[in-house]
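Please read the structure below before turning to the comments.
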Amino acid sequence: MAELAGQVAVVTGGSGAIGGAIVQALAGAGATAYSLDLAPPQGRTPYVQCDVRQEASVAAAVEQVSQQHGRLDIAVHAAGISRDAVLWKLTADEWDTVQAVNLRGAFLLLRSAIPHMRRNKSGRAVLIGSINGSRGKFGTAAYSASKAGLIGMAKSVAREVGRFGVLVNVVEPGWVRTPLTEKVPQEVRDAALAESLVGSFLDPEDIAGAVLYLCGPAGKRVTGQVLRVDGGQFLGPT
């Protein structure tokens, strides 16, 4: 039997490369997995339109899925954006835009999803962070701050909901090969690759595998943790 058979999942940013891989991995393990995103995903993936910046939109999307299936077992926040600039060139609007999607969006998802999980005395929530949330990176103050915030929020919420059987964790990727990152200047990609201890970038499926572990039976005692999946990039070259 598929390890997530009968379970229902929502994934913000599920129409993107990483979010889409997570949706497919959860579905492949037997879950009914929905993409919550502004634009529909390719293929026949279940989809509910959702703007993670807006409280009413997130609440309505989560409610629609949970009402349709009578439960909600898994919530993954994979939506994310960046506005890169050194601090003195970063505008307040750019800062707010990044926080709205990356951090506020995660808060709104947890706030809407966890009551359903509490009632069922079971649930898994996973937030997709970044190694830059732990180490920082030149020119990414807004992005890195938002990802660091996910860690603090996940650890705090894990303390609040563990007694209800709900587990909350962060997956912290390094550089992931996606259509978006392939457009980054070659010298930037080369610098990131030089940090890898395994000599290669991640694929979205690598992140999806980590999420699947945290949401499956093997992760039943894991909560409040940061699972770094980065090919050793955080450590840097030896």
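The numbers here are math on the coordinates, done by the rules we state, and not lab data. Values in this document were obtained by computation on a predicted structure and should not be read as measured data. For neighbour counting, all protein chains shown are included, and Cβ atoms are generated from backbone atoms with ideal geometry for every residue, glycine included.
Spin-label model, residue 122/residue 55: points 7 Å from Cα along the beta carbon direction are separated by 3.2 nm. Within the chain, the longest segment free of exposed loop sites, counting trypsin sites (Lys or Arg not before Pro) that fall outside DSSP classes H, G, I, E and B and have at most 11 other Cβ atoms within 10 Å, spans 122-220. Ordered by the count of other Cβ atoms within 10 Å of each Cβ, fewest first, 90, 108, 38 give 38, 90, 108.
Axis angle, to the nearest 10 degrees, between helix 186-195 and the longest C-alpha principal axis of the chain: 70 degrees. For q values of 0.13, 0.14, 0.21 Å⁻¹, compute log₁₀ I(q)/I(0) with the Debye formula on a Cα-only model of the stretch 89-175, without solvent. For the stretch 89-175 at q = 0.13, 0.14, 0.21 Å⁻¹, log10 I(q)/I(0) is -0.44, -0.51, -0.94. A Gaussian network model of the chain, with springs between Cα atoms under 10 Å, assigns the largest mean-square fluctuation among 75, 27, 194 to 194.
Each other residue within a Cβ distance under 15 Å of residue 55 adds +1 if Lys or Arg and -1 if Asp or Glu, for a net charge of +1. Summing +1 for each Lys or Arg and -1 for each Asp or Glu among the other residues whose beta-carbon sits under 12 angstrom from that of residue 94 gives -1. Taken along its principal axes, the alpha carbon cloud of the chain reaches lengths of 49, 38, 38 Å, longest axis first.
The radius of gyration of the Cα set in the stretch 113-225, together with its Dmax, comes out at 16.0, 50 angstrom. Label-to-label distance for residue 156 and residue 191 is 3.2 nm, based on points extended 7 Å past Cα in the beta-carbon direction. A full extension of the chain between residue 164 and residue 97 corresponds to an added length of 20.8 nm, given 0.36 nm per residue minus the alpha carbon distance.
Relative to the dominant Cα principal axis of the chain, helix 105-120 is inclined by about 30°. Residues whose amide H falls under 5 Å from that of residue 172, counting only those 5 or more places apart or on a different chain, are 129, 227, 228, 229, with hydrogens built in the peptide plane.
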